[in-house]
Each structure stands twice: as structure tokens, then as C-alpha cells.
Amino acid sequence: MSTQNRQGELMQLTFAYPMPYEWSIGLYGSRFFQEIKEKRRFIGIKCNGCGMVYVPPRRVCGPCFKELSELVPLSDTGVITAFSVVNYPFIDPNTGLQRPIPYTYGYIRLDGADNIFSHIINETDLGRIHVGMKVRAVFKEPDRMQGNIQDIKYFDIIS
Ligand SMILES: [Zn+2]
């Protein structure tokens, strides 16, 4: 925040606003994170209308508007469909801290799913990462799981 004093000089005030908040992630969102926390596995949801499998699970299929209810286990492996090596520092909304740079954020199609899942990929060397590579999720240690997206540390390239 900046303002001018009587002499026209810019003054700066720095302060932090504590803004704790919570929101519901819904029935299927809760199941998704429970599976990761307790069983270290992904689940998706299958549409019995068009056959699409979504991860994370959701209540309604976008293309055919059917209500979804068939939860299905998914692999912890997938394929990179897009990625970006990030070199610009900013505050990670999950932690409130600046994420060390560089890091790679990517879109991953988990094996068994039809949509993409986004997360960190554990490779920042552009010569060693490309679309189509196989990755596997690396989870936190069991005693450190909290039931949120950070329970997945990152995805490692496996081939
Ligand atoms: Zn559908």
C-alpha cells in the first residue's frame, strides 16, 4: 500500500492480512483426498452415459449432463500432455510461501482417465522433459499426509 505524505513523498506501509478460510470440496472431492491420504491411490468417476472417466471425481458429466456416481480406481501413473517450466517467483496459494524456482507445472493424463490432472513435475531441465513422457505420482510419507493436494509431492518421470 502506498500513499503520499504532506511533502508529496511516497510512503509505504507493509502489513499482512490474516485471511483464514475454509470451503467444502464436496462428497467426491472428499473421497478423492481420502483415497490419497489413506490408500495412496487416485480415484476417478465414470459416466455411464458416454463412458468418460474424470479425475478428480465430479458430480455431473459435462458433455452429456448425466449425474455421476461410479467411482473407479486409477493408476498413479500417467502421461505428460503439456508442461511449463516456471521461472517467475510468486506466492504459492497452498502454502502462502514463495515456491522456489524453477519448477515445472504440468498437465498429466492419468492412466485410466480421460481428462487431465495438473500438478508439479519433478524435472526442470527442458532437455530432459517432453510431452508424451510417462510419469508416476510421488506421495508424502504416510505420517505427513493431510488430505489435500499437497499429499502428492510431485510426479516423477519414469520413461
Ligand atoms: Zn457422460
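The values are calculated or read from the model by the stated rules, or taken from the named source; none is laboratory data. Not measured: the values here are computed from a predicted model. Note that we place each Cβ from the backbone using ideal geometry, even for glycine, and neighbour counts take in every protein chain shown.
General remarks:
- Neighbours by Cβ (under 7 Å, 6+ apart or cross-chain): first from the range 98-113, farther than 15 Å from ILE157 by Cβ; second of a type in the set (D, E, K, R) and in a strand (DSSP E or B): none
- Filter result for CYS47 (farther than 27 Å from ASP156 by Cα, within 16 Å of the ligand (Cβ to nearest atom) and touching a Lys or Arg at 6+ places or on another chain (Cβ under 6 Å)): yes
- Residue in the range 59-72 that is at pLDDT 95 or above, of a type in the set (Phe, Trp, Tyr) and surrounded by 12 or more Cβ atoms within 10 Å (Cβ to Cβ) present: no
Residue by residue, here is whether (1) of a type in the set (Asp, Glu); (2) farther than 30 Å from LYS134 by Cβ; (3) under 25 Å from the mean Cα position of the chain (by Cα) holds:
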residue: GLY8; (1), (2), (3): no, yes, no
residue: ALA16; (1), (2), (3): no, yes, no
residue: TRP23; (1), (2), (3): no, yes, yes
residue: PHE33; (1), (2), (3): no, no, yes
residue: GLU67; (1), (2), (3): yes, yes, yes
residue: PHE83; (1), (2), (3): no, no, yes
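- Verdict on ARG59 being away from the ligand (no atom under 15 Å from the Cβ) and among the basic types (Lys, Arg): no
- No other residue among ILE91, ILE36 is more than 12 Å from the ligand (Cβ to nearest atom), surrounded by fewer than 12 Cβ atoms within 10 Å (Cβ to Cβ) and among the aliphatic types (A, V, I, L, M) apart from ILE91.
- Those strands (runs of 3 or more DSSP E) lying entirely in the range 110-159 with at least 1 residues small (Gly, Ala, Ser): 117-121, 134-139
- Subset of the range 99-112 [over 17 Å from ILE149 (Cα atoms) and out of contact with any Gly (no Cβ under 6 Å at 6 or more places or on another chain)]: PRO100, ILE101, PRO102, GLY112
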